[in-house]
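Below: the structure, in structure tokens.
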Amino acid sequence: MNYKLIRRFCILLLMLLAMTPTASAEDFSAKEVVLEHIKDSHEWHVTGEGESAVVIPLPVIVHSSTGWHVFSSSQFEHHADASGLRHGPHNLAIATTGSNAGKIVENGSPVLDLSITKTVAVMFINVVLLLCIVLGCARWYKNRKASDRAPGGFVGFFEMLVMYVVDEIIKPGVGKGYEKYVPYLLTCFFFIFTCNVMGLIPFPPGSGNVTGNIAVTFFLALCTFIIVQFSGNKHYWKDIFWPDVPMWLKCPAPIIPVIEFVGIFTKPFALMIRLFANMMAGHAIAVAITCIIFLVASKAVAVQLSMSGLSVVMSVFMMCLECLVCFIQAMVFTMLSAVFIGLARVEPAHE
């Protein structure tokens, strides 16, 4: 290694840092850019800023004091007024500041909003894509026998992934009688995995932060919660309300039963927060690293080159890491759901 050349390069870099003047900085808020990427909205921003922005309008479906209204989000003004409102038809507006930021309001109060937002639109696209993949693979197996040659290509890869989830996650987690839970758990895995992967694509039909939306993860956790409770046998409920512990821990003060009862709700809560926080944080970090390029755009040339290069390297690293996280988070949610279902169906050790 030529250490003299490296030393001369470092000296030249320091000289550039000291001699190159700093340009006047333009207003750039990395916080706003990150929040805009991870939050939901009534329009699908593709690229550009200001008047040159390319935006896909989405359907607005709201119920206000004057009844139901259906129109395009493009009818809202592009810029907010002094009170932070983007006015639209029917005396409606989108609030950009305050506690109602991002919501459609009427005279300052939120209205019933059933609009097709960006998250909903991306979720529909992901569902259609997943259905096409599953039905396409199922069509390949039609009119084929078990003794026929194993599939190759994408169908073979999909079968391998399905068998891995069933044999390594669902079957060990649920235990005996796992077959009736396979459809739900496979649906959870592939839905979460598809949404995670599509969220890495920075342009339509991707770029949606579906699993980074707590409403989506809440619904998934709620489904697992309902299935667990309806799958619980008598031993499951006995271990909650009358566990095999010393009497003073359950009577007269029901310490352990209360703890066990609270645990019924903390398990799905952990499912919801784990998926939501990991995916939202991953998207936020990836966008924040990219913002470094714009934050140093007005600095010295050497700072621009070095920090921009670092930003690109770190962004590539984060995207590769996010690809792994997409699979891990889908696997963890499915695995924990399977374990919770299995714990609700477990039999006493002496039986």
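The values are calculated or read from the model by the stated rules, or taken from the named source; none is laboratory data. It should be emphasised that the depicted structure is a prediction, and the values quoted were computed from it without experimental measurement. Cβ sites come from the backbone with ideal geometry, for glycine too, and all protein chains shown count toward neighbours. Heavy atoms of the whole protein, side chains included, go into the accessibility calculation; ligands, DNA and RNA do not. Shrake-Rupley method; radii C 1.70, N 1.55, O 1.52, S 1.80 Å.
What to note about this one:
- Carbon + sulfur, % of accessible area of the stretch 108-246 - ligands and nucleic acids excluded, 1.4 Å: 70 percent
- Distance from the C-alpha centroid of the stretch 88-143 to that of the stretch 192-269: 25 Å, rounded to the whole angstrom.
- Taking each residue as 0.36 nm, the span from Thr97 to Leu310 lengthens on full extension beyond its C-alpha to C-alpha distance by 73.3 nm.
- Amide proton proximity set for Ser41, modelled H, under 5 Å, gap of 5+: Lys118, Thr119
- FRET efficiency, 1/(1 + (r/R0)^6) with R0 25 Å, evaluated for Asp244 and Lys180 via beta carbons: 0.30
- Net charge dipole, the stretch 72-225: roughly 640 debye, given to the nearest 20, about the Cα centre with Cβ charges of +1 for Lys and Arg and -1 for Asp and Glu.
- Residues whose amide H lies under 5 Å from that of Ile61, counting only those 5 or more places away or on a different chain, are Leu114, Ser115, Ile116; hydrogens are built 1.01 Å from N in the peptide plane.
- Positive-pole candidate from Gln229, Met163, Gly199, dipole of the stretch 93-229, charges at beta carbon: Met163
- Counting 0.36 nm for each residue step from Asn143 to Phe219 and taking away their Cα separation leaves a gain of 23.7 nm.
- A DSSP coil position with no more than 15 other Cβ atoms inside 10 Å describes the following trypsin sites (Lys or Arg not before Pro) in the stretch 131-186: Lys142, Arg144, Lys145, Arg149, Lys176.
- Per residue solvent-accessible surface (Å²) - the stretch 128-197, probe of 1.4 Å: 64 Å²
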